[in-house]
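What follows is a set of notes on a single structure, which appears directly below.
The values are calculated or read from the model by the stated rules, or taken from the named source; none is laboratory data. Keep in mind the model is a prediction, meaning the values are calculated, not measured. A quick note on method: Cβ atoms are made from the backbone with ideal geometry, for glycine too, and the neighbour counts reach across all protein chains shown. These area figures cover heavy atoms from the full protein model, side chains too; ligands, DNA and RNA do not enter into them. Shrake-Rupley method; radii C 1.70, N 1.55, O 1.52, S 1.80 Å.
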Amino acid sequence: MPFDVESLPLELKIGQMMMAGYSGSAPPPHIRRRVSDGSLGGIILFAHPSLSAAEMRLLTARLQEAAMGGASGLPLLIATDQEGGRVSRLSPPLTKFPTARLIGAAGSEELAEEMGAAVAAELLAVGVNMNLAPVLDILTNPSNPVIGDRALGDDRRLVARLGRALIRGMQKTGVMAVAKHFPGHGDTSFDSHQVSGAVGQGEEVLWRRELLPLRAAMEEVVGAVM
């Protein structure tokens, strides 16, 4: 049955657009309070190495209970970055999947879709319903300090094709995929977690190259874009 968002007061509608993270193995009181009062619609989980899979499942179930029994009555988006390779927030026994670069080197849509489905199945098993992946940046600058092997490759059509397959695998399994990073981070020479900046390419190159995989993701009806 669809959830009735339209009937919510404006304050709760705004709350459903907010997502927060926290440090530690359990959400602090202010996070739990905001989940219950409807002023948070999502939680992002970073690395929690001290939690087993069963403990992670219990944590997410309690967060969902607090949300659905609270002011909004709506379930939470519970997100993490489970790209594979070095950006894998959830630790064993969840699988450490290969980097996007290796998926790109294989060049197989079938393999990419299977990996997307496998990642999603493990996330669902611990109560995560949104994956901040796949990376759809084109690695046009090999010295890029933040993208590197997180990219499927340096060919825009390959990135678009395999990106769609990863999204398809995740979403058919029940996890919302998030294409990133709009409008394209592969040609940068900086880490945007640390500094802001720009690339020197013009609009024509942006439309022809960086935005091609993101357009492909939208054609696949990706759940969200970062």
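What residue, among those in region 109-120 that are farther than 17 Å from Val222 by Cα and surrounded by 15 or more Cβ atoms within 10 Å (Cβ to Cβ), is nearest to the chain's Cα centre (by Cα)?
Among residues in region 109-120 that are farther than 17 Å from Val222 by Cα and surrounded by 15 or more Cβ atoms within 10 Å (Cβ to Cβ), the one nearest to the chain's Cα centre (by Cα) is Ala118.
Test Leu45 against the criterion of being open to solvent by less than 20 Å² (accessible area, probe 1.4 Å), within 30 Å of Asp4 (Cβ to Cβ) and modelled with pLDDT under 95, and give yes or no.
yes
Could you list, in sequence order, all residues of region 84-120 that are more than 17 Å from Asp149 (Cα to Cα), among the aliphatic types (A, V, I, L, M) and at pLDDT below 95?
Result: Leu90, Leu94.
Surrounded by fewer than 18 Cβ atoms within 10 Å (Cβ to Cβ), out of contact with any helix residue (DSSP H, G or I) (no Cβ under 7 Å at 6 or more places or on another chain) and at negative phi, is that true of Arg34?
So Arg34 does not fit the description; no.
Examine region 187-196 for a residue that is open to solvent by less than 20 Å² (accessible area, probe 1.4 Å), of a type in the set (S, T, N, Q) and modelled with pLDDT under 95, and state whether such a residue exists.
yes
Could we say that Phe3 is in contact (Cβ under 8 Å) with a residue 40 or more places away in the chain, exposed (fewer than 15 other Cβ atoms within 10 Å of the Cβ) and within 29 Å of Val87 (Cα to Cα) here?
For Phe3, the condition - in contact (Cβ under 8 Å) with a residue 40 or more places away in the chain, exposed (fewer than 15 other Cβ atoms within 10 Å of the Cβ) and within 29 Å of Val87 (Cα to Cα) - is not met.
For region 156-175, which positions are outside any helix (DSSP H, G or I) and surrounded by fewer than 19 Cβ atoms within 10 Å (Cβ to Cβ)?
Listed by number, the list holds a single entry, Gly174.
Within region 6-21, track down each residue that is free of Cβ contacts under 8 Å to residues at least 40 places away in the same chain, outside any helix (DSSP H, G or I) and over 15 Å from Leu77 (Cα atoms).
Result: Glu6, Ser7, Pro9.
If I ask for residues that are more than 23 Å from the chain's Cα centre (by Cα) and farther than 16 Å from Arg62 by Cβ, which ones from region 6-29 would you list?
Scanning region 6-29 gives Glu6, Ser7, Leu8, Pro9, Leu10, Glu11, Leu12.
Quick check on my filter: what residues within region 55-88 are surrounded by 20 or more Cβ atoms within 10 Å (Cβ to Cβ) and over 18 Å from Ala20 (Cβ atoms)?
Across region 55-88, the qualifying residues are Gln82, Glu83, Gly84, Ser88.
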